[in-house]
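Asks: Have a look at this one.
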Amino acid sequence: MSARFTGRVAIITGASRGIGLAIAQRIVAEGGRVCLTARKVEELTRAVDSLGSDVAVAVAGSSDDADHQEAVIATTLERFGAIDVLINNAGVNPVYGPLLEAEEPALQRILSVNVLGTLAWIRRVHGAWFAAHGGTVVNVGSVAGIQPASGIGFYGASKAAVAHLTTQLAIELAPSVRVNAVAPAVVRTRFAGALYEGREAEVASNYPLGRLGAPEDVANGVAFLASDEASWITGHVLVIDGGLTVNGRL
């Protein structure tokens, strides 16, 4: 394991488990320190304990809440003195089924967290630290934002918006801030359970590499984009999908 994040500090949203926690584990393993956010205090506490309280801190709250965002930034600066990396991993998908049958409150929630929340985090961290010191952002999108995906159409629309935010802000915040994204296919997490549980072998058969993703697969890509190894990459959406989109099936 390298030490690409020695001396670096990252805020990671939606990081109590799954992909977010895997990203935190990777950054800490490579010498970094992290502030984790999520809604559930108990899960965050376990995550911090697993990482080590000397290198990790957590603030519980809703990702799209302005007061929570400010509290996370204040806590990170007070505890670690910097914010070098922002990982926008928090996302919701409270609906599954045909797009025209989705109820308006659920659609508004998806927009609030996945799109407006992502923009708000970038805006607030930029104002608090990046504008003066530079930094890097990695947004977690989805292959559902690249091509249609059955049952999660509006979630896909929100992730298409995240991809566009990524490219737009890569231009607006250059040269001192790099903004990239990853677009995973189905990863074996609780969040994605409805997409594969009870039929994993069938779902995995659509993937040329023969398996679903693991949280570590996404963490590897995020760590690369957040590191200096990607210092000449911005506005890029890295597809991490086991070959699924090449196969043309979601």
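The values are calculated or read from the model by the stated rules, or taken from the named source; none is laboratory data. On a predicted model such as this, the values are computed, not experimentally measured, just so you know. Cβ placement follows ideal geometry from the backbone for every residue including glycine, while neighbour counts extend to all protein chains displayed.
Residue-by-condition table, conditions (1) of a type in the set (Asp, Glu); (2) crowded, with 19+ Cβ neighbours inside 10 Å; (3) on the phi > 0 side of the Ramachandran plot:
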{"site": "71", "(1), (2), (3)": "no, no, no"}
{"site": "74", "(1), (2), (3)": "no, no, no"}
{"site": "92", "(1), (2), (3)": "no, yes, no"}
{"site": "97", "(1), (2), (3)": "no, no, yes"}
{"site": "111", "(1), (2), (3)": "no, no, no"}
{"site": "120", "(1), (2), (3)": "no, no, no"}
{"site": "137", "(1), (2), (3)": "no, yes, no"}
{"site": "146", "(1), (2), (3)": "no, yes, no"}
{"site": "166", "(1), (2), (3)": "no, yes, no"}
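Asks: Exactly one of (1) modelled with pLDDT of 90 or more; (2) outside any helix (DSSP H, G or I); (3) touching a helix residue (DSSP H, G or I) at 6+ places or on another chain (Cβ under 9 Å) is unmet by residue 130. Its number?
Replies: So the condition that residue 130 fails would be (2).
Asks: Further question: Looking at residue 124 and the list (1) out of contact with any strand residue (DSSP E or B) (no Cβ under 9 Å at 6 or more places or on another chain); (2) crowded, with 23+ Cβ neighbours inside 10 Å; (3) of a type in the set (D, E, K, R), which single condition is not satisfied?
Replies: Answer for residue 124: the failing condition is (2).
Asks: From (1) within 23 Å of residue 26 (Cβ to Cβ); (2) in a loop (DSSP other than H, G, I, E, B); (3) of a type outside the set (D, E, K, R); (4) out of contact with any helix residue (DSSP H, G or I) (no Cβ under 6 Å at 6 or more places or on another chain), pick out the condition that doesn't hold for residue 220.
Replies: It fails just one condition, (2).
Asks: Report the residue count in the stretch 1-48 for those that are part of a loop (DSSP other than H, G, I, E, B), among the aliphatic types (A, V, I, L, M) and in contact (Cβ under 8 Å) with a residue 40 or more places away in the chain.
Replies: 1
Asks: Quick one: how many residues across the stretch 56-91 are among the charged types (D, E, K, R) and in a strand (DSSP E or B)?
Replies: 0
Asks: While we're on this one: Scan the stretch 222-240 and report the pairs whose first residue is touching a residue at least 24 places away in the same chain (Cβ under 8 Å) and surrounded by 14 or more Cβ atoms within 10 Å (Cβ to Cβ) and whose second residue is in a helix (DSSP H, G or I) and among the hydrophobic types (A, V, I, L, M, F, W, C), with Cβ atoms within less than 6 Å and a gap of 6+ or a chain change.
Replies: Correct list of pairs: 222/23; 230/224; 234/170; 235/170; 237/163; 240/218.
Asks: Say whether the condition of being in contact with a strand residue (DSSP E or B) (Cβ under 7 Å, 6 or more places away or on another chain), more than 16 Å from residue 13 (Cα to Cα) and of a type in the set (A, V, I, L, M, F, W, C) is met by at least one residue in the stretch 148-163.
Replies: yes
Asks: Look through the stretch 141-197, keep the residues that are of a type in the set (Lys, Arg) and outside any strand (DSSP E or B), and return whichever of them is farthest from residue 22 (Cα to Cα).
Replies: Looking at residues that are of a type in the set (Lys, Arg) and outside any strand (DSSP E or B), I get 159.
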